[in-house]
Amino acid sequence: MTLKPLIAANWKMHGDMSWCDKPYDFADIYPPTEREHLDVLICPPAVLIFPMMEKCGGTDIWLGAQTCHKEKKGAHTGEMSAEMLASAGADYVILGHSERRAMGESSADIRVRVERAKEADLIPIICVGESLKERESGDAEAVVGTQLKASLPEGLTDYVIAYEPIWAIGTGMTATPDDVDAMHRFIRGEVGPNVRILYGGSVKPANAKALLSIPDVNGALIGGAGLEMESLAEIARLA
Ligand SMILES: O=C[C@H](O)COP(=O)(O)O
């Protein structure tokens, strides 16, 4: 089975209402007829999902959220449930990003959020990745393996994994293609043949070709370079 590449932009805490027509800008630069072989996803801040869906819901660009709460509803001031995000127009949700793990989200928390996401028909993108210290001490695969085992509910289907070495996020440093190849092979062994495995961490037009041509890399989770539609389209063209 050939896995359709997924090019996903995580806008993190960037953007405002004036960004809601960016999917149109993307479609102008890289028209849908030229990219039927891949999926393009934008994960804006949650407040922009609904207006973006209203404005650009007719484009083929998927929308996603950046997290969801682990309860279905309740007294959780400031939080958003998976169902709310789905009803606002999200198709995917990023879970377990290292920027959220750093705020205290454990793999056990992430596993519950994955269950909530699936109940709301959202496709979870589950992030895993090691710190520089863990890589340097030779523990990268063990760390990622433990995160996978603890974050994935039993029997989970239709999900995406994003491998993001923490030290490569927003730093301009990327893992070498050999290291990415080795880690993606390892993850493939854990999740089987039908799961898309994205690479994330300072992906940009200049390095996208080398990273996206690695056999078990099925797309990218892009931060900084996904804020501008020109660079996002340039990366997508290389997928
Ligand atoms: O979710 C995206 C990643 O954290 C990568 O961010 P970056 O491309 O800015 O390094």
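The values are calculated or read from the model by the stated rules, or taken from the named source; none is laboratory data. Quantities reported herein were computed from a predicted structural model and do not represent experimental measurements. Quick reminder, even Gly has a Cβ in these numbers, built from the backbone with ideal geometry, and neighbours come from all protein chains shown. We work out accessible area using only protein heavy atoms, side chains counted, and drop any ligands, DNA or RNA first. Shrake-Rupley method; radii C 1.70, N 1.55, O 1.52, S 1.80 Å.
Principal axis extents for the stretch 37-97, Cα atoms only, whole Å, descending order, please.
Computed over the stretch 37-97, the largest-to-smallest principal extents equal 40, 24, 15 Å.
Pairs to check: K149/K209; K12/K204; K70/K118; K4/K55; K73/K118; K72/K118. Give those whose C-alpha atoms are more than 19 Å from each other in this structure.
In this structure, K149/K209; K4/K55 exceed 19 Å between Cα atoms.
Could you work out the relative contact order of the chain, using alpha carbon pairs under 8 angstrom and six or more residues apart, expressed as a whole percent?
So the answer I get is 22 percent.
For the stretch 112-239, what class follows from the C-alpha gyration tensor (a ≥ b ≥ c being the square roots of its eigenvalues): rounded when a/c is under 1.5, otherwise prolate if a/b is larger than b/c, else oblate?
Judged from the Cα gyration tensor, the stretch 112-239 comes out oblate (a/c at least 1.5, b/c at or above a/b).
Taking the simple approach of a point 7 Å from Cα along Cα-to-Cβ for both E71 and M13, what is their distance in nm?
Result: 2.3 nm between the two label points.
Between the stretch 206-221 and the stretch 142-193, what is the separation of their alpha carbon centroids in Å?
Taking the Cα centre of each part, the stretch 206-221 and the stretch 142-193 sit 14 Å apart.
What is the chain by shape, rounded, prolate or oblate, if you read a ≥ b ≥ c off the alpha carbon gyration tensor as root eigenvalues and call it rounded for a/c under 1.5, prolate for a/b larger than b/c, and oblate otherwise?
Numbers: a/c = 1.56, a/b = 1.09, b/c = 1.43.
Judged from the Cα gyration tensor, the chain comes out oblate (a/c at least 1.5, b/c at or above a/b).
If the elastic network links every pair of Cα atoms under 10 Å, which of K133, K209, K70 fluctuates the most in the Gaussian network model of the chain?
Ranking K133, K209, K70 by mean-square fluctuation puts K133 first.
Among 179-188, 103-112, how do they line up from the highest to the lowest mean number of other beta-carbon atoms within 10 Å? List each step's numbers first, then the result.
Values: 179-188: 18.1, 103-112: 15.5.
My ranking of the peptides, most packed first, is 179-188, 103-112.
At a threshold of 8 angstrom on Cα-Cα distance, excluding pairs fewer than six apart, so keeping six or more, what relative contact order does the stretch 48-170 reach in percent?
RCO, the stretch 48-170: 24 percent.
Can you give the relative contact order of the stretch 102-157 as a percent, counting alpha carbon pairs under 8 Å and 6+ residues apart?
In percent, rounded to a whole number, it is 46.
On a straight-distance basis, which aspartates and glutamates could pair with K133 in a cross-link, Cα separation under 14 angstrom, same-chain partners fewer than 8 positions away excluded?
The reachable aspartates and glutamates, counting only those whose Cα sits under 14 Å from K133, are E141.
In the stretch 211-239, whose amide N lies under 13 Å from the spot 7 Å out along Cα-to-Cβ of D21? List them in ranges.
Flagged as within label range: none.
Name the most mobile residue of A102, A220, A82, meaning the one with the largest mean-square fluctuation, in a Gaussian network model of the chain with Cα contacts below 10 Å.
A102
Within the stretch 56-91, which residues have the backbone N less than 16 Å from the label spot 7 Å out from T157 along Cα→beta-carbon, could you tell me?
It comes to no residues whatsoever.
Which of rounded, prolate, oblate describes the stretch 167-239, given a ≥ b ≥ c as roots of the alpha-carbon gyration tensor eigenvalues and a/c under 1.5 marking rounded, otherwise prolate only if a/b is larger than b/c?
prolate
Which value in nm describes the separation of the simple spin-label points at A210 and L38, placed 7 Å from the Cα toward the beta carbon?
Taking the simple label geometry, A210 and L38 are separated by 1.8 nm.
With a 1.4 Å probe and all protein chains left in place, how much of the accessible area of the chain comes from carbon and sulfur atoms, in whole percent?
Ligands and nucleic acids excluded, carbon and sulfur reach 53 percent.
To the nearest Å, what is the center-to-center distance of the stretch 1-47 and the stretch 79-107, using C-alpha atoms only?
A separation of 18 Å, based on Cα centres.
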